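One structure is given here, and the rest of the page talks about it.
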Amino acid sequence: MRAVKGNKEYTIDDTQKKAYQDRGFDILDETGTTIAYGRGKTVPYSEHIALQEENEKLRKQVAEILGGEASIQESGEAVQPPKKARKREGA
């Protein structure tokens, strides 16, 4: 089992799990799957996951609505098609 926080990573056993979790370390199993999340995070993890799922759902809806007009980048901004050049008045 591993405790990970930022660039720090420690190999721990089950008896140390709670102590590291209380200090804000995420606890991972041998395969790298997160078992428990560290305490003291700014956003509760359950809320973060719910927002990620909602974001993904909304991105799919936007893609369906816009079709080929705009594509959504990973940054979350829509890429608009180039605007047509306007003719100058009086020219």
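The values are calculated or read from the model by the stated rules, or taken from the named source; none is laboratory data. The structure presented is a predicted model; accordingly, all values stated were derived computationally and were not measured.
Before moving on, here are some points about what is shown:
- Among the candidates Glu54, Glu74, Glu47, the residue that is within 20 Å of the chain's Cα centre (by Cα) and modelled with pLDDT of 95 or more is uniquely Glu54.
- Selection within region 1-32 - closer than 18 Å to Tyr45 by Cα and small (Gly, Ala, Ser): Ala3, Gly6, Gly24, Gly32
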